Amino acid sequence: MYKVIVFAGTSEGYAVCRFLSKAKVPAYACVATGYGGKSLEENEYLKVQAKRLSMEEMEALFEEIRPELVLDATHPYAAEATENILCACKAADVSYQRILREEGGRQEEAVYVDSTEAAVEFLSGTQGNVLLTTGSKELAKFTKLPDYRERLYARVLSLPSVLETCKTYGFEGRHLIGMQGPFSMELNAAMLRQYNCRYLVTKDTGKAGGFQEKIDAALSCSAVPVIIGRPVKEQGLSLGECRRMLAERFSIERRPHVTLLGIGMGSTDTLTIEGKRALDEAELIIGAGRMVEAVRQPHQSTLCEYRSEKIVEYIRNHPEYEKIVIVLSGDVGFYSGAKKLLDLLGEDTEVICGISSVAYFMSKVGLSWDDARLVSAHGRSCNLVSLIAHHLKVFAILGTRDGAARLAQKLEFYGMGDVLLYVGENLSYENEKIFAKTARELTDYEGDALSVVCAWNPKAVPVRTTHGIRDEEFIRGKAPMTKEEVRTVSLSKLRLCEDSVCYDVGAGTGSVSVEMALRASQGEVYAIEKKEEAAELIEENKRKFAADNLTVIPGCAPEAMEGLPAPTHAFIGGSSGNLKEIVALLLQKNENVRIVINCITLETVTEALAVIREYGFAESEIVQLNAARSKALGRYHMMMGENPIYIITCQREKGI
């Protein structure tokens, strides 16, 4: 038998019936007219009866079916129907629950009245045409308005019986508009202009009744909204609360339709049509506060949350929502939180892309972005200096008020003050700001946190694809330097990645550190050097090669290494007799760190081999490198030998 009877004369009632039907909870839907019955389709879990019932007939129906629950989802202005349902439930001893329609927001420009009679009284003291959108039931009351036949334009349902009734009241011809909603703001406005109406009369039917569209249309046409208040202040549940109650009562497990929506830069003007549709249909909007407020509508529930785990937890704990939209900035495929959410929510989650900030901004400044390097420095580590040094165009999302200034300061420090920076702030909003200046002009600039930048560097030098900067290119001093041939082989044995975290222990002039920084351009390099003059030399080479991801650590290893992040790779060019302790600390930080050791003396080789055996490295290799360079002697050239070097490579796991 049927567990729930729903009086479903509204969109909320229809939604509850569909919710129960999909959950396979047998329900009996009562609608007052055949027109209402067409809004629902019967199936094995849903029975639809299209008939207006008296209180006695309701009571008889309850006695026959004996439902567990009666849901009253009738229109908020159908006070008599609600009273009959409530009385019948009490007489039949059946549990009753009212479903409320959310009221529209208070409108300062509107006139509020308590009843239809009060609306007529107000209009009697005015002049100008009136558009009535309150339906046909109380239309007779408006006939008491003097010259109503000339002033009033009634919009009612386009049913023959309704139109005939309206004609008996004297509404006909162009003063009788038979149409079926929903009505957009634009259509409402067109009607107001067509009939030159100065007033629009409506009930507070909430979002589902197109209330806001009427108010917005009236205000856009300089018409005064006359709002008839609801007859009684009721207690009950919202549609969402009702679905949650039903889910708990009948142990309903439902998977909502979740959409990940890229909303562009933030302004609703840059939403796609598909994105607007998803937002219009959503019951719950989730996202960062700024984005939620930009797109939410009055009837929608919201959750201001950006953490993926918290979002998924909330969705699982709130089965009352059937359509959920998670709003994300820009395009969901461009530095977005969509990836993690998809992993947690599952592949059947709908994804709707938005206009990315890079596409929007680059079109505004007239630059193509197919050959630009695209990165984000918002909440993440990003070596912008290196990218700008080696690429003609670099687009970056910033995220702090001083982001452009800090970038400009670094570019000036590394000798790139003439790089042109295109800056965009508050993209798509009314206070959007886009301009271009050299880095030298922006070192003290403070802008908005919602910003992006595109660096244009025509002097960019493509990054080398192999190791091997010539020794002569480094600033030299008295500190020892790993020579070009040895440096090249040693770095190839390290097998660096773009995001590696590297130590250069006993860094000397910093030649290895600099090449590490250029290879691991999006990683971090730490040059540990105990001699003060050598540390200063490394700083000079860092500046010359714009190695912004290189940090000089003065001090003796291993003590100077203790506070550093765990390394993925380490080069040991000098250990000051502390090789065992240095390797021990490296393994403590990362047991699979890849280590390359350069040895000049046989004693150091012996020490290194003993360390390798003691710590049980699975992979170890020794390469002896003998290099000689030619030297011109008159018209002859002689080969001048360098000191032989032993290059030792070791790692705990093989082949990593």
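The values are calculated or read from the model by the stated rules, or taken from the named source; none is laboratory data. From a predicted model like this one, the values you see are computed outputs, not experimental measurements. As a convention, Cβ positions derive from the backbone with ideal geometry for all residues, glycine included, and neighbour counts pool all protein chains shown. Ligands, DNA and RNA are excluded from the accessible area calculation, which covers all protein heavy atoms including side chains. Shrake-Rupley method; radii C 1.70, N 1.55, O 1.52, S 1.80 Å.
Quick look at the values:
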item: Where labels lie 7 Å past Cα in the beta-carbon direction, separation of residue 306 and residue 222 in nm; result: 4.4
item: Part-to-part distance (alpha-carbon centres) for region 1-80 and region 554-586, which is given in Å; result: 76
item: FRET efficiency estimate (nearest 0.05) - Cβ-Cβ, residue 64 to residue 253, R0 30 angstrom; result: 0.45
item: Cross-link partners of residue 51 among lysines (Cα-Cα below 16 Å; sequence separation of 8 or more within a chain); result: 38
item: Helix 211-220 vs. the chain, principal-axis angle (Cα, 0 to 90°, nearest 10); result: 80
item: Cα centroid separation, region 170-243 to region 280-324 (Å); result: 27
item: Gyration tensor verdict on region 380-471 (Cα atoms; rounded if a/c is under 1.5, prolate if a/b is larger than b/c, oblate otherwise); result: prolate
item: Rounded to the nearest 10 Å², the accessible area of residue 68 at probe 1.4 Å; result: 90
item: Among beta bridges that DSSP assigns inside the chain, antiparallel share in %, nearest 5; result: 35
item: Per-residue SASA entry for residue 370, accessible area with 1.4 Å probe, Å² rounded to 10; result: 130
item: Inter-label distance for residue 636 and residue 406, nm, one decimal - labels placed 7 Å from Cα along Cα-to-Cβ; result: 6.1
item: Amide proton proximity set for residue 302, modelled H, under 5 Å, gap of 5+; result: 285
item: Global form of region 250-377, assessed from the alpha-carbon gyration tensor, a/c cut-off 1.5; result: prolate
item: Modelled FRET efficiency - R0 25 Å, residue 533 with residue 576, Cβ distances, 0.05 increments; result: 0.95
item: Accessible surface, 1.4 Å probe, highest first, among residues 392, 496, 152, 602; result: 602, 392, 496, 152
item: Accessible area in the full protein assembly, largest first, 1.4 Å probe, for 601, 438; result: 601, 438
item: Semi-axes of the equivalent ellipsoid for region 1-160, Cα gyration tensor, largest first, Å; result: 36, 16, 15
item: Relative contact order %, region 442-594, counting alpha carbon pairs below 8 Å whose residues are six or more apart; result: 21
item: Point-charge dipole on Cβ atoms (K/R +1, D/E -1) for region 124-263, about Cα centre, debye to 20; result: 140
item: Exposure ranking of 652, 230, 174 by accessible area [1.4 Å probe, largest first]; result: 174, 652, 230
item: Rounded, prolate or oblate (a/c below 1.5 giving rounded, otherwise prolate when a/b exceeds b/c) for region 183-308 by Cα gyration tensor; result: oblate
item: Among [x] 16, 32, 19, 16, 11, 4, 1; [y] 15, 31, 24, 17, 11, 2, 0; [z] 18, 53, 27, 1, the entry that matches P(r) over Cα pairs in 20 Å bins from 0, in percent as calculated here; result: [y]
item: Of 144/214; 544/631; 393/459, those spanning more than 22 Å from alpha-carbon to alpha-carbon; result: 144/214; 544/631
item: Degrees separating the helix 579-589 axis from the principal Cα axis of the chain, which is the longest one; result: 10
item: Segments 143-150, 473-480 sorted - mean Cβ within 10 Å per residue, highest first; result: 473-480, 143-150
item: Inter-centroid distance (Cα atoms) of region 483-539 relative to region 115-143, Å; result: 84
item: Using alpha-carbon coordinates, inclination of helix 239-249 to the longest axis of the chain, degrees; result: 80
item: Accessible-area value, residue 51, 1.4 Å probe, nucleic acids and ligands omitted, Å²; result: 100
item: Average Cα contact separation per residue, the chain, under 8 Å, 6 or more apart, as relative contact order %; result: 7
